Amino acid sequence: MDRRCIVICDSGVGGLRLLKRLERAFPREDFIYYADYKNLPYGEKTCEELVSIVQGVYDNLVKFSPKLVVFACNTASTVALQKIKAYNSPVMGVYPTLGKGNGLLLCTKGTANSDYVKNLTRGKTVEVKALSGLAEEIENSIILGSEINLERYFKGEKSDYDFISLGCTHYPFITENLKKFFPSAKFFSGEDLLFEKIVFFITTFDTDQKRGKICFLGERKKELKKAYKNLKLL
């Protein structure tokens, strides 16, 4: 088995759900989770700023000699990943996905303005709604226990969409809350496709009884560990 670790990074808690799913699927893998609180939020950064940030994050994380680096952030993935100068380890990102019919893509301003989203939605019956501040509210809700005021984002929004695309890895944390505003819609997240790609990437399995380790890097490590421990997946 390739004992090198898998690195997952995000601006905050957005990648914790993916980490939980991967730990369940591959309990003997070693993971590093990096939350880049220094640059939170990614969604309000310019393209030039994001490229510089993502390049710096990658250059630091690749020092751990990982077998895979995962950017569990739609904004970093759609805006900056293709502009990284060189890869010494394989890299994967998370990207918005669409359903069938009339849809609404919820994302950050950076993701909404990316060429990826413009190409993804061209010719489709999909509205794009950039939500400034929601990712930070979700972050504070999970880490600090503060409440999220969804009314200010969705009050008066039409509800008859066939699907809602969650174009930020923070948003799946509030799926049940969003269903109150969009009761008949199906919800999609690029996290599902990314998970499948990583499962396909990890082709070797350990037969011994050694359980893998999870290491949290960056600020708020204690809070991240607690949030991860309390995270329940449906």
When segment 78-114 is checked residue by residue, the ones that are touching a helix residue (DSSP H, G or I) at 6+ places or on another chain (Cβ under 8 Å) and part of a helix (DSSP H, G or I) are T78, V79, L81, K83, K109, G110, T111
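What number of residues within segment 160-186 satisfy the criterion of being assigned to a strand (DSSP E or B) and either assigned by TED's automatic domain parsing to the domain that holds T78 or β-branched (V, I, T) (or both)? Break it down stepwise before answering.
Restricting attention to segment 160-186, the residues satisfying the condition of being assigned to a strand (DSSP E or B) are 163-166, 186.
Applying the additional criterion that residues be either assigned by TED's automatic domain parsing to the domain that holds T78 or β-branched (V, I, T) (or both) yields 164.
Going through segment 160-186 one residue at a time, the tally reaches 1.
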Subset tally (residues that are β-branched (V, I, T), under 22 Å from A112 (Cβ atoms) and surrounded by 17 or more Cβ atoms within 10 Å (Cβ to Cβ)) for segment 1-56
4
Candidate set from segment 213-227 (those that are in contact with an Asp or Glu (Cβ under 9 Å, 6 or more places away or on another chain) and within 23 Å of R3 (Cβ to Cβ)); member that is surrounded by the fewest Cβ atoms within 10 Å (Cβ to Cβ)
K213
Meets criteria (over 23 Å from L16 (Cβ atoms), among the acidic types (D, E) and part of a loop (DSSP other than H, G, I, E, B)) for E157
yes
Hey, does segment 55-62 have a residue that's part of a loop (DSSP other than H, G, I, E, B) and among the small types (G, A, S)?
no
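The values are calculated or read from the model by the stated rules, or taken from the named source; none is laboratory data. Computed from a predicted structure; not experimentally measured. Backbone-built Cβ (ideal geometry, glycine too); neighbour counts: all protein chains shown.
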